[in-house]
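Just so it is clear, none of the values below were taken in a lab; they were calculated from the coordinates. Everything quoted here is computed from the prediction, not taken from an experiment.
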Amino acid sequence: MNKNYKNIRAILKRELYGYFSTPVAYVFIVVFLFLTGIFSFYLGAFYERGQADLEPFFRFHPWLYLFLIPAIAMRLWSEERKTGTIELLMTLPISITEAVIGKFLAAWCFTAVALFLTFPMWLTVNYLGEPDNAVILAGYSGSLLMAGGYLAVGSCISALSKSQVVAFVISVVICFLFILSGFPLVLDFFQGWAPQALIEVISSLSFLTHFDSIKKGVIDLRDVIYYLVFICFWLYANVVVIDSRKAA
């Protein structure tokens with residue numbers, strides 16, 4: 001167990017160093033912070049609402065992540081395959097599962113850093129009023145869990161193609177479908193002919209369905225379990241894909 005932990009930590013450190021050793025990481029963080037500010041203050045009417053909370057800030061996270069998170073994940077395995085370093089990685093005394101988890105955790109930690117750097121927003125609402133900080137903390141937790149879901153999808157798809165662009169596009173499409181599954185437009189399509197149980201299952205697959213309740217401060221264990229199971233499923237699929245490519 002200790003050996004597994006060391007291997008995962010070694011991959012995590014390797015990947016994190018790869019992020020911050022290039023300007024790409026800093027460009028991503030700047031773009032992320034800029035867009036969160038634009039969406040919150042302008043599109044979200046932060047000041048016009050007259051309420052000291054971060055609802056406008058969290059409202060647009062699913063849509064920001066839809067494009068920004070696949071941009072992080074697309075290089076996780078596609079770059080390894082394109083440069084041929086995946087063969088070298090597989091010869092190291094680590095398992096495929098350890099490599100997948102290590103890469104995913106590195107990307108998740110990087111996303112957490114970008115999310116943490118939005119703390120001036122939190123300070124702003126506390127300066128302007130008396131927000132419910134427990135609700136804000138729940139929103140941050142839900143946002144990070146949702147980002148993990150996006151990353152797990154992107155990591156798995158990245159393992160399927162040498163092209164980062166292809167991996168990005170497919171990841172965006174899949175994540176978009178998981179957002180849309182909770183929309184009334186989609187549910188109404190099934191309403192006329194599908195059984196109610198199937199409609200509820202489709203609705204429960206939506207990122208928005210689970211994130212909306214968490215960002216309101218209602219931390220339901222079912223929402224947390226959804227994201228954790230979702231992440232584990234796609235990481236398992238990631239392992240299967242890498243293993244099949246290795247065998248081939």
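The number of Lys pairs in the chain with C-alpha atoms less than 15 Å apart, excluding pairs fewer than 8 positions apart on the same chain, is 5.
Taken over the alpha carbons of the stretch 53-137 as equal point scatterers, the Debye sum produces base-10 log I(q)/I(0) values at 0.13, 0.19, 0.22 Å⁻¹ of -0.60, -0.91, -1.09. Spread over its residues, the convex hull of the C-alpha atoms of the chain is 152 Å³ per residue.
The long axis of helix 133-158 is offset from the longest Cα principal axis of the chain by roughly 30 degrees.
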